[in-house]
């Protein structure tokens, strides 16, 4: 009986970790979904050769916050400036700083929404406008 109580107690202690890992995995899927919303013409020329490796790294990042931060920055870096709103160039430095100092998936989700809003609708696929609200809801659920 004591053994079962200890196992149950250990399982309860692990519960707070489960949402973080689930959220981290969700974050990666949402980041890939955002990337697929951007037309190739709005991405840098080298992105096509880097994209499949980037997707693999996003999928394998799991709950590694440091890797996810770098992958979010790598995505944003490969969106052409002319595909982003004109005010982004003045906000980008602060955004990069905020991403680098993010200490949770929640915060990183907020910053992913910020970069999504920097992308002109004309630079995104035609289906994004119908998928965007659901994507935003799922990102906000990370908070």
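Just so it is clear, none of the values below were taken in a lab; they were calculated from the coordinates. Only a predicted model underlies this, so the values are computations on that prediction, with no experimental measurement involved. Please note: Cβ atoms are built from the backbone with ideal geometry, for glycine as well, and neighbour counts cover all protein chains shown.
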Can you put 69, 80 in order, fewest other beta carbons within 10 Å first?
80, 69
Debye calc, one equal point scatterer per Cα of the stretch 72-113, no solvent, log10 I(q)/I(0) at q = 0.17, 0.30 1/Å comes to -0.46, -1.17
For the stretch 18-140, what is one quarter of the convex hull surface built on the Cα atoms, given in nm²?
7.0 nm²
Given labels modelled 7 Å from the Cα in the Cβ direction, how far is it in nm from residue 39 to residue 73?
3.0 nm
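Calculate, for residue 103 and residue 60, the FRET efficiency according to 1/(1 + (r/R0)^6) with r their C-beta to C-beta distance and R0 25 Å; round to the nearest 0.05.
Working: r = 22 Å, r/R0 = 0.86.
Efficiency for this residue pair is about 0.70.
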So how much slack lies between residue 29 and residue 117, counting 0.36 nm per residue of separation and subtracting their Cα-Cα distance, in nm?
29.9 nm
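I need the peptides 107-114, 127-134, 52-59 ranked by packing, meaning the mean over residues of other C-beta atoms within 10 angstrom, with the highest value on top. List each step's numbers first, then the result.
On the way: 107-114: 19.4, 127-134: 12.0, 52-59: 14.0.
The most tightly packed comes first, giving 107-114, 52-59, 127-134.
Stretched out fully, how many nm does the piece from residue 141 to residue 126 gain, at 0.36 nm a residue minus the Cα gap?
Working: separation 15, 0.36 × 15 = 5.40 nm, distance 2.46 nm.
The span from residue 141 to residue 126 would gain 2.9 nm if fully extended.
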